[in-house]
Structures are given as C-alpha cells and as structure tokens.
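Comments concern the structure below.
The values are calculated or read from the model by the stated rules, or taken from the named source; none is laboratory data. Keep in mind that this is a model prediction, so the values were computed, not measured. Don't worry about glycine lacking a Cβ; one is built from the backbone with ideal geometry, like all the others, and counts go over all protein chains shown.
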Amino acid sequence: MKPHPAAGRTARYTVVGAICAVAHNVVMILGDWGGGHYVPVSVLSFGVVTPLGYLLHAKFTFMERLSLAGLLRFTSGVAAGFPLSLLVMATLCTGLGMPVLFAAPIATITLFLWNYASAHWAILGRWKLH
C-alpha cells in the first residue's frame, strides 16, 4: 500500500515548520535577552523567518518553483497570522507576566495550524489540504 501524497507533504511541512519555529524562537529569545521588547523583536523575526519559510516550503515541502506571486501570497498568509501571534504574546507576557522564553514557544504552537493552511494556499495557489 502506497502512502497518500499528502502524508509526505505533511511530514515535510512539519520539518520546515520546526526549522522556522526554532529560527523564530531564537530571534525572540535572543532579542529579549538583548533587552528588546517582544513587539519589535516579533517584527524582526517576521522579516527573517518569512523569506526562509517561503524558500524552504516552496522547494522542499511542495517542490514548486519560487515565484514573486507565491512569495507575496506566503507573506500575506504569515502577516494575517501575525496579529494572533502578538495577541498571544501580549496575553502571556504583558497580561500574565510570563517570560518570553516560555511565551514564544506557546505562540509558535498556536500558529502552526494557521500557517499550515496558509502555506498551502500561498505556494499551491489553492486551499488543497490533502
């Protein structure tokens, strides 16, 4: 029995997602340790991790050619999830006083499903999750 193509794509997505999650959390935690506030450090992370994520997802996860349209769709999908990430960070850090060291990974997990769906749309140009 041959596995469904989506199973391989989901596994590849998870690998790339983990790479991007680690990159994001490194930027967030180092930015916090350097005295930065989580809002501007989140913007910095967006600027660093979004192009990395697009490159890896296009080439490895979906095995598609890079395109400006795909990059713009991918960036818009990540940008749409950005307020959710800031809301989680604000709730945990400002509201509950949680250190960024713990809040950033929680925010990352929260965004995983959103980013999974939006990456499919961005790179494949359609909502095809299977």
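The combined condition, being charged (D, E, K, R) and exposed (fewer than 13 other Cβ atoms within 10 Å of the Cβ), is not fulfilled by Arg9.
Checked against (1) at pLDDT below 95; (2) closer than 20 Å to Gly125 by Cα; (3) among the aliphatic types (A, V, I, L, M), Leu56 passes all but condition (1). Within the range 70-96, residues that are over 12 Å from Phe46 (Cα atoms) have Cβ atoms under 7 Å from residues that are part of a helix (DSSP H, G or I) and among the polar types (S, T, N, Q) in these pairs: Leu84/Thr110; Val88/Thr110; Met89/Ser42, counting only partners at least 6 apart in sequence or on another chain.
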